[in-house]
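> This is the structure I want to talk about, given as structure tokens.
What follows draws every value from the coordinates through simple rules; no lab data is involved. Source: prediction; values computed, not measured. Note that each Cβ is placed from the backbone with ideal geometry, even for glycine, and that neighbours are counted across all protein chains shown.
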Amino acid sequence: MSRRVLVLGWVVGSFAAACAHAPPGAGPPPQAPGTIAWPVQLDHESTPQTHKQAALQLLTDAGTEGAMTAMTEVVLKQQLEANPAIKPYESVMRTFFQKYISFAAIRDDLAKLYMERFTELQLRQMLVFYQTPTGRLAVKELPKVIEAGAQIGKQRVEEHLSELREAILKQGP
């Protein structure tokens, strides 16, 4: 064999050996600052446990607990204003809501809803969104938007309550 063939063989062999022994995770070069790594596949096998974990993580990262707390407060406040007779029972109602419809009380049921509608990969893609500045802003601002929206709805009903009363009276029993 000629010396060139031996050198070429050694170079090719060394290159192949180096590639085969690359450290795990030595994938593409790091991304530019401000970019996100959008997952296109899972780095593990999806199981019911990992799927549920992704759903629970999404609920947490998306600010579901805060949104639910804000919405419960809005609804309770509206009910107390609409029905002053129940004001003495406010603490009882708060305790009841905390026991049965708080985030802690229904988080597993909510996770199941997400699991029924989204694959684990889709949930993990949503998680990436909530790690972005826009996602974090959404978590911060959406409870305020929900509260303001509830106020708009309440105001519209109050403005047109006489119309509702007339329609009810017109229909009769």
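> Taking the Cα centre of the stretch 48-171 as the origin, how large is its charge dipole in debye, to the nearest 20, when only Lys and Arg (+1) and Asp and Glu (-1) carry charge on their Cβ atoms?
That gives the stretch 48-171 a dipole magnitude of about 160 debye.
> Counting only other residues whose beta carbon sits under 14 Å from that of ARG124, what net charge do I get with K and R as +1, D and E as -1?
On the way: positive: LYS52; negative: ASP43, GLU45, ASP61, GLU120.
So the surrounding residues net to -3.
> Highest first, please rank the peptides 62-71, 132-141 by the mean number of other Cβ atoms sitting within 10 Å of their residues. Don't skip to the answer; put the middle values down first.
Working: 62-71: 17.9, 132-141: 12.6.
Answer by packing, highest mean first, reads 62-71, 132-141.
> To continue, here is another question. Grab the other residues whose beta carbon is less than 11 angstrom from that of PRO143, score K and R as +1, D and E as -1, and report the net. Don't jump to the answer; show the numbers that get you there.
Details: positive: LYS140, LYS144; negative: GLU65, GLU73, GLU141, GLU147.
Overall, the nearby charge balance is -2.
> Now for a different question. For the stretch 48-171, with the dipole built from +1 on Lys and Arg beta-carbon atoms and -1 on Asp and Glu ones, taken about the Cα centre, which of THR50, LEU142, PRO88 lies farthest toward the positive end?
Of the listed residues, the answer is THR50.
> What whole-number distance in Å separates the alpha-carbon centres of the stretch 71-105 and the stretch 156-173?
Going from one Cα centre to the other spans 26 Å.
> Taking θ as phi - 60°, what are the ³J(HN,Hα) couplings along the stretch 150-165 by the Karplus curve (6.51, -1.76, 1.60), each to the nearest whole Hz, with x for Gly and Pro?
Along the stretch 150-165, the couplings run 5, 5, 4, x, 4, 4, 4, 5, 4, 5, 10, 4, 5, 5, 5, 4 Hz.
> Return the distance in nm (one decimal) between the two label points of a simple spin-label model at VAL157 and ILE106, each offset 7 Å from Cα along Cα→Cβ.
1.7 nm
> Turning to a different aspect of this structure: How about LYS77: which lysines have a C-alpha closer than 28 Å to its C-alpha, ignoring those fewer than 8 places off in the same chain?
Of all the lysines, those that pass the test against LYS77 - Cα under 28 Å, at least 8 places apart if same chain - are LYS87, LYS99, LYS140, LYS144, LYS154.
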